[in-house]
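Everything on this sheet refers to the single structure shown next.
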There are 2 protein chains.
Amino acid sequence: MMNEYSRAACEQLDLEDSLSEFRDEFAIPEGMIYLDGNSLGVRPKAALARAVEVVEEEWGVGLIKSWNQADWFSLPQRLGNKLAKLIGADDDEVVVTDSTGLNLYKVLAAALTQRTERKVIVMNGSNFPTDNYMAQGLLAQLGDGYEIRFAEHDDMEAAITEDVAAVCLTHVHYKTGRIFDMAAITAKTHEVGALSIWDLCHSAGALDVDLNGCNVDFAVGCTYKYLNGGPGSPGFIFTAKCHQGKALQPLTGWWGHADPFAFERDYRPAPGINQMLSGTQPILSLAVAEVGLDIFLRADVAAVRAKSKKLTELFIRLMTQRCSQYGFTLVSPEDAECRGSQVSFSHTHGYPVMQALISRDVVGDFRAPDNVRFGFTPLYTSYVDVWDAVDRLVDIMEKELWRDSEFNQRGAVT
Amino acid sequence: MMNEYSRAACEQLDLEDSLSEFRDEFAIPEGMIYLDGNSLGVRPKAALARAVEVVEEEWGVGLIKSWNQADWFSLPQRLGNKLAKLIGADDDEVVVTDSTGLNLYKVLAAALTQRTERKVIVMNGSNFPTDNYMAQGLLAQLGDGYEIRFAEHDDMEAAITEDVAAVCLTHVHYKTGRIFDMAAITAKTHEVGALSIWDLCHSAGALDVDLNGCNVDFAVGCTYKYLNGGPGSPGFIFTAKCHQGKALQPLTGWWGHADPFAFERDYRPAPGINQMLSGTQPILSLAVAEVGLDIFLRADVAAVRAKSKKLTELFIRLMTQRCSQYGFTLVSPEDAECRGSQVSFSHTHGYPVMQALISRDVVGDFRAPDNVRFGFTPLYTSYVDVWDAVDRLVDIMEKELWRDSEFNQRGAVT
């Protein structure tokens with residue numbers, strides 16, 4: 001990392017950046033510094049033409065023939081095989097389908113069928129809670145003594161004991177960006193005879209995830225953050241080969257049937273990853289999500305992670321150098337190895353500060369009670385973006401421009 | 001209905017058709033007679049501009065702000081309230097979300113929480129089987145003596161006995177187009193103290209469904225058939241007001257939480273119809289589906305149903321008049337009151353006959369073992385379309401043109 005910080009030095013880093021060519025593939029609004037790709041990734045330019053093609057040609061002209069001719073039926077597998085390369089999975093281990101939450105429900109239910117004698121699920125109560133909610137819905141259905149044991153980073157290993165059926169964690173914390181050590185926790189999970197489930201919402205497309213290298217059993221995630229799939233684009237499921245055909249999920253729709261077009265009366269599970277599918281998929285959202293994945297296939301995942309660390313490191317150093325007198329406290333880990341692709345600071349006036357930034361075209365987000373959160377997407381965020389973002393923040397703090405935003409304090413919702 | 005059948009008489013019917021103006025709202029491919037709107041509805045012309053707007057403006061420029069500014073978060077409810085008007089539901093009783101199968105799972109699970117002392121579900125084994133599959137997945141989870149009692153039209157009332165928890169039927173049969181009498185069966189269902197669940201996949205947008213008039217408890221359906229929402233566009237859920245806040249579904253994601261943006265650790269159910277939501281929705285598919293619903297809001301549902309009956313009646317009569325010598329047997333009910341908006345015939349060479357028709361731009365579909373199926377969408381199918389379709393079929397049968405198609409007998413998949 002640099003010793004001196006200047007805009008010129010950032011320009012130099014951009015010149016040396018092997019990923020810089022990817023920025024031109026994205027339609028970043030003019031003048032905007034978008035540091036919220038960890039919530040919703042920006043639009044790949046090619047997504048527009050793809051959407052038009054699906055609507056005008058495949059739907060409009062091809063109509064029902066497109067289920068075969070445009071390969072609509074195989075989108076979950078085709079996208080899954082592309083995504084697999086970004087997360088250390090093999091062919092036929094990933095499908096893109098449904099929402100992350102529904103997928104979490106599926107894999108958790110599937111995992112529990114393999115450990116029926118155990119009743120405890122370990123989760124992380126402070127992370128984005130929809131995974132907890134889905135698990136709570138499932139456990140209430142199963143009844144019969146099931147419980148969730150919530151733990152935080154520091155007491156996680158201690159929580160993983162011989163009575164645990166599954167450990168189900170979000171890899172990168174949505175607020176702090178802190179990473180759980182996937183290799184160590186999965187090893188500990190297996191040591192006690194439990195199964196590991198990872199939620200990769202804040203990892204896929206930003207970290208060099210290695211599911212099979214870590215012997216992970218199941219994983220889920222979304223495609224609309226770092227993978228730039230579009231608003232609410234379908235989530236994904238990873239099931240390790242060793243569990244396929246055995247650990248079955250209960251949302252048994254016709255796309256997960258062994259012979260969907262036989263229209264048999266009774267369900268027979270597809271033997272492979274297809275069993276993780278349920279009903280008919282939203283083709284337009286799914287097809288457009290492929291555009292983001294295709295861009296990633298040309299990028300080196302290790303280079304993405306390396307740049308992610310450099311961007312967040314630069315941001316923290318510039319904040320320390322130029323904003324330390326304004327009351328920001330780093331919430332994210334200082335060690336880049338333990339940090340995802342986002343940086344959060346707490347600040348007493350976090351909400352109006354973020355509003356002031358957004359009104360000056362630096363888009364991050366706010367997470368209650370006092371967190372300002374900045375996401376750095378290696379494919380389209382430049383080092384100069386980081387410099388300019390801090391520059392505008394310095395201006396806001398210096399002139400107390402955030403006071404103007406205090407009058408507009410409605411709840412932050414993204 | 002006419003006594004004489006001629007193309008001129010069909011032209012006259014089109015001139016008198018109060019719905020004929022709607023045809024121009026749809027992008028029907030040049031020269032195609034599309035009789036498969038019961039599988040995938042054609043594209044409303046306005047869908048293209050809407051898709052471009054969502055991708056280019058709302059996603060591309062608005063980015064995360066669009067969750068509020070473009071009302072992405074309220075799409076399930078907004079579309080639901082529009083759809084409600086087509087199926088006899090009230091405001092705040094319908095949401096558009098997820099797939100039909102997942103929605104069926106939700107409402108069936110919710111219904112069973114209200115009848116815990118009963119273990120029998122009545123279903124129709126010969127209908128499109130994904131509902132059976134979802135029910136089988138749920139019942140396997142619940143264990144403990146639950147069973148499905150399958151019945152057909154003729155023994156349905158007899159199957160609904162005092163031990164039944166829920167009767168879960170697809171309103172219109174996907175192959176035959178035969179209608180279950182919603183009012184009578186729902187009344188019988190309530191008489192024995194059970195709850196009624198209707199799948200409206202082949203009804204919504206074609207029949208004058210009156211859910212509240214029939215005191216239906218729950219319903220689900222899709223938006224990509226007669227509602228022209230686009231390939232795999234999200235399904236819907238109806239929950240009668242009296243069950244909201246009580247009959248809760250178990251796929252408890254954050255969109256169904258009482259306060260989704262409080263990010264509380266534990267699930268608290270939303271009090272109203274929102275509890276039927278689970279995770280983040282595929283916005284592009286959902287937003288485009290609204291275009292089809294908006295067209296319907298300008299149409300009179302009773303006129304739609306009246307035209308549907310006239311179209312299918314005309315088709316059957318023309319087939320009888322002009323094709324009777326070619327071995328077609330009517331599979332659909334003769335009585336229009338008992339028939340949905342589709343007509344099926346069985347034919348020994350059904351598959352090559354349909355292939356020959358499709359290659360001559362008359363698009364219906366084939367359902368094993370020997371059914372040729374034709375769907376009639378009142379908003380864009382003309383009476384002349386019906387004449388011309390039969391005309392081309394006569395030509396195919398007369399000259400035995402279908403024999404050419406026998407060489408291309410791969411499985412029909414739509």
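Values as computed for the structure displayed
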item	result
Residue tally, condition open to solvent by 10 Å² or more (accessible area, probe 1.4 Å), touching a helix residue (DSSP H, G or I) at 6+ places or on another chain (Cβ under 8 Å) and not in a loop (DSSP other than H, G, I, E, B), over segment A:227-272	5
Boolean, A:Asp90 is more than 7 Å from chain B (Cβ to nearest Cβ) and part of a loop (DSSP other than H, G, I, E, B)	yes
Any chance A:Met319 is outside the structural domain of A:Tyr105 (by TED's automatic domain parsing), among the aliphatic types (A, V, I, L, M) and modelled with pLDDT of 95 or more	yes
Flag if A:Glu21 is farther than 18 Å from B:Leu48 by Cα, outside the structural domain of A:Leu227 (by TED's automatic domain parsing) and over 16 Å from the mean Cα position of the chain (by Cα)	yes
Every pair of residues 6+ apart whose Cβ atoms lie under 6 Å, when the first sits in segment B:29-46 and is touching a residue at least 40 places away in the same chain (Cβ under 8 Å) while the second is among the β-branched types (Val, Ile, Thr) and part of a strand (DSSP E or B)	B:Ile33/B:Val362; B:Tyr34/B:Val363; B:Asp36/B:Val363
Residue within segment A:55-62 that is buried (at least 20 other Cβ atoms within 10 Å of the Cβ) and either more than 9 Å from chain B (Cβ to nearest Cβ) or out of contact with any Leu (no Cβ under 8 Å at 6 or more places or on another chain) (or both) present	yes
Residue tally, condition free of Cβ contacts under 8 Å to residues at least 40 places away in the same chain and more than 27 Å from B:Gly229 (Cβ to Cβ), over segment B:190-215	4
Out of A:Ala270, A:Ala289, A:Ala302, sole residue that is in contact with a Ser or Thr (Cβ under 6 Å, 6 or more places away or on another chain) and either modelled with pLDDT under 95 or not hydroxyl-bearing (Ser, Thr, Tyr) (or both)	A:Ala289
Of all residues making up segment A:352-411, the number that are of a type in the set (S, T, N, Q) and within 27 Å of A:Asp208 (Cβ to Cβ)	4
Number of positions in segment A:96-135 that are closer than 16 Å to A:Met276 by Cα, more than 9 Å from every other protein chain (Cβ to nearest Cβ) and over 15 Å from the mean Cα position of the chain (by Cα)	8
Strands (runs of 3 or more DSSP E) wholly inside segment B:99-180 that include at least 1 residues being crowded, with 18+ Cβ neighbours inside 10 Å and not assigned by TED's automatic domain parsing to the domain that holds B:Ser233	none
Of all residues in segment A:297-327 being in contact with a Leu (Cβ under 9 Å, 6 or more places away or on another chain) and part of a loop (DSSP other than H, G, I, E, B), the one that is least open to solvent (accessible area, probe 1.4 Å)	A:Ala299
Subset tally (residues that are among the charged types (D, E, K, R), farther than 22 Å from B:Val288 by Cα and not in a helix (DSSP H, G or I)) for segment A:57-87	1
Per-region count, segment B:63-96, residues on the phi > 0 side of the Ramachandran plot and open to solvent by less than 10 Å² (accessible area, probe 1.4 Å)	1
Residue among A:Ile197, A:Ile185 that alone is part of a helix (DSSP H, G or I) and either within 24 Å of the chain's Cα centre (by Cα) or within 12 Å of chain B (Cβ to nearest Cβ) (or both)	A:Ile185
Segment A:250-273: number of residues that are touching a residue at least 60 places away in the same chain (Cβ under 8 Å) and either of a type in the set (D, E, K, R) or facing chain B (nearest Cβ under 8 Å) (or both)	2
A:Lys241 vs. criteria more than 9 Å from every other protein chain (Cβ to nearest Cβ), of a type in the set (Lys, Arg) and closer than 30 Å to B:Asn132 by Cα	yes
Residues of segment B:31-50 satisfying the condition of being more than 7 Å from chain A (Cβ to nearest Cβ) and assigned to a helix (DSSP H, G or I)	B:Ala46, B:Ala49, B:Arg50
Qualifying positions in segment B:32-41 - crowded, with 24+ Cβ neighbours inside 10 Å and under 16 Å from B:Pro234 (Cα atoms)	B:Asn38, B:Leu40, B:Gly41
Checklist (1) closer than 30 Å to A:Leu393 by Cα; (2) away from chain B (no Cβ under 14 Å) applied to A:Ile28, failing item	(2)
Selection count where residues are over 21 Å from B:Gly221 (Cβ atoms) and within 14 Å of another protein chain (Cβ to nearest Cβ), scope segment B:152-182	1
Unmet requirement for A:Pro333, which otherwise passes all of (1) of a type outside the set (A, V, I, L, M); (2) touching a residue at least 60 places away in the same chain (Cβ under 8 Å); (3) buried (at least 22 other Cβ atoms within 10 Å of the Cβ)	(3)
Complete set of residues in segment B:274-289 that are open to solvent by 10 Å² or more (accessible area, probe 1.4 Å) and either more than 7 Å from chain A (Cβ to nearest Cβ) or acidic (Asp, Glu) (or both)	B:Asn274
Set B:Glu21, B:Glu53: member being among the acidic types (Asp, Glu), under 21 Å from B:Thr381 (Cα atoms) and not in a loop (DSSP other than H, G, I, E, B)	B:Glu21
B:Tyr224, sole failed condition from (1) free of Cβ contacts under 8 Å to residues at least 40 places away in the same chain; (2) of a type in the set (Ser, Thr, Tyr); (3) buried (at least 24 other Cβ atoms within 10 Å of the Cβ)	(1)
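The values are calculated or read from the model by the stated rules, or taken from the named source; none is laboratory data. All of these numbers come straight from a predicted model, not from anything done at the bench. Note that each Cβ is placed from the backbone with ideal geometry, even for glycine, and that neighbours are counted across all protein chains shown. What goes into the accessible areas is simple: the full protein's heavy atoms, side chains included, and nothing from ligands, DNA or RNA. Shrake-Rupley method; radii C 1.70, N 1.55, O 1.52, S 1.80 Å.
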